[in-house]
Amino acid sequence: MTDTLTPAAANGDATVADLTLEEKASLTSGASFWTTKAIDRVGIPSIMLTDGPHGVRKQRAGADHLGIGDSVPATCFPPAVALGSSFDPALLERVGAALGAESLAEGVGVLLGPGINIKRSPLCGRNFEYLSEDPLVSGVMGAALVRGLQSQGVGASLKHFAANNQEADRMRVSADIDERPLREIYLRGFQRVVQDAKPWTVMCSYNRLNGVYTSEDPWLLTTVLRDEWGFEGLVVSDWGAVNERVTGLVAGLDLEMPSSGGRTDAQLVAAVRTGELDESALDLAAQRNLDLVRKAVAGARADASYDVDAHHALAREVAAASIVLLRNEGGALPLAPGASVAVVGELARTPRYQGAGSSLINPTKLDDALTEIRAIAGADVPFAAGYAADGTVDDGLVDEAVAAASAAGTVLLFLGVPAELESEGFDRDDIELPAAQLELAERVIAANPNTVVVLSNGGVVRLPFADRVAAIVEGWLLGQAGGGAVADVLYGRVNPSGRLAETIPHRLEDSPAFLDFPGEHSHVRYGEGLFVGYRWYDARAIDVAFPFGHGLSYTSFGYSDASAEATVDGIVVRVTVTNTGDRDGAEVVQVYSALPGSGVVRAPRELKGFAKVFVPAGESRVAEVRVRREDLAYWDTRADAWIVEGGAYEVSIGASSRDLRAVVSVEVAGDDVRAPLTMDSSIGEIVAHPVAGPIVMQALAGDGDTGALVSDPGMFKMMASFPIGRLASFPGMPIGRDDVEQLLAAANAGA
Ligand code: BGC
C-alpha cells in the first residue's frame, strides 16, 4: 500500500462490481491516520487526506489530529478568522489555489477544510478556524476557498457538518436547534458552498444535532445534503466521529477516518451477511470512495512543486487585506517612515500567528512585526517586551515599557490572547485579554496616550481601553507573514480594507448565546434562535464596541445614487462609491435587507450581499451587488420549504451593519404559499385571504350585531386570533358552520 498518492498505480477500470464484500467494506474506512485503503488486486490506490484548513499539515512520521506531531513545512496562510475579515472572495480563491498547489506537491488528494461553522459564541475555542457569525459571509468565502483549491485538482472537505459551534463536550453534545435557525443560520452557508462550489467531500461533525449524531443522521447526510442540495461527493467522518458504523453508513456516511483497524469494516460485512444492511448501501458508499480516489488520481502531479517565496508573499498580501483597522483617531495611522516610534509587547517579537490543534502548520518562514517595522521605519525603533512570552510580567518589564513609551512619539503596543487560552478542543472562559497585559496597557496609555494597540487573537476580546487609545489594529491570527502585513498597514504601504465578520461586544454578557453556552448534560439549547451575531445586537438594540462589518481605511468613501431593482433572480443593488480622500483604497459595500411588517420573526437587518471595490483616490466606481432571490427566503416550517415573502423590502446599503448610508425600498413578488384554510384558521388569516377575506368581511359587516367586529379596529384586533370555526358556532352569527365549510372549500380551490 502506498502512503501517498501514486497516480501510476491507478486503475481507472475497477468498479464496485469487481470487488468482494470485504473489499467494498474496506474501501469505506481509512488505512491509517491519513490515508484510504488501496486494493492492489484491482489496482485501486490509496489517497491521502490531511489538514487543513489554512495550510498543508502533512505529518512526517507518527500521526495525530491535535497538532502534536511534526509536519512537513508548508505555507501557513492566515487562519479563517482573518480570511473572513478580508471580505474578498477573489483573494480567497487565490489562497485556495495556493493550498491546492502545496497539496499537490505533497501528494495530498484532499485537504481538510474549509471550516465554516458559525461563530455562535465568542467563547468557542475554534472560532479562529471559522469565517464569520453570518451565514452569507461563511458561504461566499467558503465557496471561494473550495473553488480555488479544487481548481488545482485537489479536493476540499467542507467541515464540520453541522452545528459544531463549541468545543466543550464536542464529541457528545447535542446542539438542540429549532428548524428556522438551523436552516437559516447554521446550514445556509453549507448549502451555498455545496451548491456553488461542489466540494469533493463534506466532513460530518463530532456532535449530535437535535439528539442524533451527525455521523449517523440520515436527515442531515442524505435528505438535506444530497436530496435537497444535490451533493454528489463523499461524506467523511471527522476523525473519530463514528458512533455506530452500520447506522452511519445507512445514513450516508461514506468514509470512516481514521482507520478502525478493520474492526468496523467487519461489522459492515457481518451486517450484510445477516441482512441487517442492504448490500446496495455499501455499494453506494464504496462507489463514492472509488469516485473520490479517481478524482484525486486525475488531479495528482508527480512533478508538482510550488514557489515558497511567492506563497509567502501571497500570505502577506492576504494578511494585510484581512487586518481590520478598528479605530484611528486624528489620523494616528499611518506612520511616516522615520517617525518616532517605540514597540512594546512580546507579541511583536514572538508572533502568535495561528491557533492550536489539528490546523497547526509548520511554517516555511516566519515574520515578526518588530523586524518588519524596523525594516520599514528607517529609524531606530526601541523595543520593550512589557510581558514575558509565557504571559507573566514583573515590575522590571513594565517599567522598561513605560520608559520606552514615554520617550516615543507613538507607541505600538502589541497585545493578544496567549496560545494556551485558545485552541481546538476547549472553549475560552471569557473574552478578556490577560490581566497582566491590561495592566501594562493602562500604564503605557497613561505614559503616552498616542498609543496604537495591535491585537493578536483568534476570538474577539473585550477592549476596555478602546476610547483612550489613538488607534486599534485588529490583527487576528495572520499566518506566517502576518508580521510583515502588520508593518505594511502601520506604515500605510497597504491601506487597510478588512471588515469585521463578527461583532465585538462590550461585554460577554451582551452576547447572544450567553445564557445558553455551553449547555448542560450534553445538550446545548440554541435559545437565541435566529438572533446570532449582529442579528441579536440589533434586535435588542445593544450597544457594541465595534459592529459587524466595521473597518476603517486611510481614505474615506462617499456613497451616492443608490438603487435597487427587483428581477426574477433577486435584487440588483447599485451604488456609486467615491473615494473622497487622497489615498487609493478598497471599500466593502454591504447590502442588508429587512421586511417591515413581515409575517415571520426576522432580525432587523440581514446581510444579503457585499462587494469589495477598489477605488483610486478622487475617483468613483459603481458597486453592483446581486442579491439572490433564494437569499431573501426564510424557512417556512409549515411548508417545510424556503419561501420568499412578498412585500416592500427595505434594502440598506452601508459601510457596516451600523453605518448605513442609503435605504431603498423595493417591491418583491412573493412565493405563493397560501396554507389551506381550515375551520382552525383565524379570522385574521381568513381576512387576509384574497377569496375568503372579502366574503367574510362582508358577511360580518352586513350584520347589525356583528358589524362592530370589523368596523371597530379594537374589536377586530381582539377577534383576529379567533378560529373561524369557533366563531361560526356562536349563536346569532351571520355565517354558520355550513357556510364556512363551503367558503373554505371554494377559497382552497382558488375560486
Ligand atoms: C478536527 C478536524 C480535523 C481532523 C483531522 C479533528 O479533530 O475536528 O477539523 O480535520 O481532526 O485532524
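Throughout, read-outs are computed from the coordinates displayed, never taken from laboratory work. For clarity, every value in this text was computed on a predicted model and none was experimentally measured. As a convention, Cβ positions derive from the backbone with ideal geometry for all residues, glycine included, and neighbour counts pool all protein chains shown.
Name the residue from 679, 267, 706 whose Cα lies farthest towards the positive end of the charge dipole of the chain, charges +1 on Cβ of Lys and Arg and -1 on Cβ of Asp and Glu.
Of 679, 267, 706, it is 267.
Quick one: 3J(HN,Hα) in Hz for region 370-377, Karplus 6.51/-1.76/1.60 with θ = phi - 60°, rounded, Gly and Pro as x.
4, 4, 5, 5, 4, 5, 8, 4
Considering amide H positions built from the backbone, and no H for Pro or chain starts, which residues 5 or more places from residue 562, or on another chain, come under 5 Å of its amide H?
Close amide H contacts, sequence-distant or interchain: 576.
Counting other Cβ atoms within 10 Å, keep those with at most 16, restrict to DSSP loop, and tell me which GluC sites (Glu not before Pro) in region 253-326 are left.
Answer by residue number: 276.
Rounded to the nearest Å, what's the spacing between the alpha carbon centres of region 73-89 and region 305-368? Just the number, please.
With region 73-89 and region 305-368 each reduced to a Cα centre, they are spaced 12 Å.
Using θ = phi - 60° and the Karplus curve 6.51 cos²θ - 1.76 cosθ + 1.60, what whole-Hz ³J(HN,Hα) does each residue of region 349-363 get, with Gly and Pro shown as x?
Each residue of region 349-363 in turn: 9, 10, x, 9, 10, 7, x, 8, x, 5, 8, 5, 9, 8, x Hz.
Where nothing but the Cβ of Lys and Arg (+1) and of Asp and Glu (-1) is charged, how large is the charge dipole of the chain around its Cα centre, in debye to the nearest 20?
Once rounded to the nearest 20, the dipole reads 880 debye.
Of 735, 39, how do they rank once you tally other Cβ atoms within 10 Å and put the fewest first?
Ascending Cβ contact count within 10 Å gives the list 735, 39.
Estimate the FRET efficiency between residue 662 and residue 507 by the formula 1/(1 + (r/R0)^6), using the beta-carbon distance for r and 41 Å for R0, to the nearest 0.05.
Once the sixth-power term is evaluated, E becomes 0.80.
Counting only C-alpha contacts under 8 Å and six or more residues apart, can you give the relative contact order of region 498-553 as a whole percent?
55
Compare the Cα positions of 690, 744, 720 along the charge dipole of region 683-748 (+1 at Cβ of Lys, Arg; -1 at Cβ of Asp, Glu; about the Cα centre) and return the one farthest towards the positive end.
720
Set the Förster distance to 25 Å, then compute FRET efficiency between residue 556 and residue 339 from the Cβ-Cβ distance, nearest 0.05.
Numbers: r = 22 Å, r/R0 = 0.89.
Efficiency for this residue pair is about 0.70.
Among 314, 490, what is the fewest-to-most ranking by other Cβ atoms within 10 Å?
Working: 314 20, 490 28.
Ascending number of Cβ neighbours within 10 Å: 314, 490.
For residue 341, list long-range residues whose amide hydrogen, built 1.01 Å from N in the peptide plane, is under 5 Å from its own amide hydrogen.
When sequence neighbours closer than 5 places are left aside, the close amide H contacts are 409, 410.
Can you give me the Cα centroid spacing of region 575-601 and region 489-523 in angstrom?
If we compute the Cα centre of each part, the gap is 21 Å.
Starting from the Cα of residue 695, step 7 Å along the direction of its Cβ; do the same at residue 195; then give the gap between the two resulting points in nm.
Between residue 695 and residue 195, the label points sit 3.7 nm apart.
Excluding the sites themselves, what is the longest stretch of the chain that contains no trypsin sites (Lys or Arg not before Pro) in a DSSP loop with at most 16 other C-beta atoms within 10 Å? Please report the intermediate quantities before stating the final value.
Values: sites that count: 60, 172, 301, 349, 365, 493, 507, 540, 583, 638, 674.
Looking at the chain, 173-300 is the longest stretch - no exposed trypsin sites (Lys or Arg not before Pro) with at most 16 other Cβ atoms within 10 Å.
Skipping prolines and chain starts, which residues have an amide H placed within reach, meaning under 5 Å, of the one on residue 642, given they are 5 or more residues away or on another chain?
Residues meeting the criterion, in which the H sits 1.01 Å from N, are 636.
Could you put 637, 503, 706 in order, starting from the residue whose Cβ has the fewest other Cβ atoms within 10 Å?
Values: 637 12, 503 30, 706 20.
Listing 637, 503, 706 from fewest to most nearby Cβ atoms yields 637, 706, 503.
Pick out, from 363, 341, 411, the residue whose Cα sits farthest towards the positive end of the charge dipole of region 312-414, with +1 on the Cβ of Lys and Arg and -1 on the Cβ of Asp and Glu.
The one lying farthest along the dipole's positive direction is 363.
Between residue 223 and residue 70, what length comes free when the chain is fully extended (0.36 nm per residue of separation minus the Cα-Cα distance, one decimal in nm)?
Going from the current span to full extension adds 51.1 nm.
Restricting to bridges with both residues inside the chain, how much of the DSSP beta-bridge set is antiparallel, in percent to the nearest 5?
60
For region 557-668, what is the charge dipole size about the Cα centre, in debye to the nearest 20, if Lys and Arg each add +1 at the Cβ and Asp and Glu each add -1 at the Cβ?
180
Test of understanding: what is the full-extension gain from residue 390 to residue 63, defined as 0.36 nm times their sequence separation minus their Cα-Cα distance?
Extra length from residue 390 to residue 63 when fully extended: 115.0 nm.
Could you work out the relative contact order of region 46-113? I mean the mean sequence separation of Cα pairs under 8 Å and 6+ apart, divided by the number of residues, in percent.
Working: 74 pairs, mean separation 32.9, N = 68.
Here the relative contact order equals 48 percent.
So what J values fall out for region 118-129 if you push phi through Karplus, 6.51 cos²θ - 1.76 cosθ + 1.60 with θ = phi - 60°, rounded to Hz, Gly and Pro as x?
For region 118-129, the Karplus curve yields 6, 7, 6, 10, x, 7, 3, x, 10, 4, 5, 9 Hz.
Among the listed pairs 119/159; 119/365; 58/365; 159/295; 58/159, which have their C-alpha atoms separated by more than 25 angstrom in this model? Mind dumping the intermediate values first?
Details: 119/159 14 Å; 119/365 30 Å; 58/365 17 Å; 159/295 20 Å; 58/159 18 Å.
Pairs exceeding the cut-off: 119/365.
Relative contact order (percent) for region 557-668, with alpha-carbon contacts under 8 angstrom and 6 or more residues of separation?
Details: 258 pairs, mean separation 33.9, N = 112.
Contact order relative to length: 30 percent.
Filter the GluC sites (Glu not before Pro) in region 405-463 to those in DSSP coil with at most 15 other Cβ atoms within 10 Å of their Cβ, and list the result.
432
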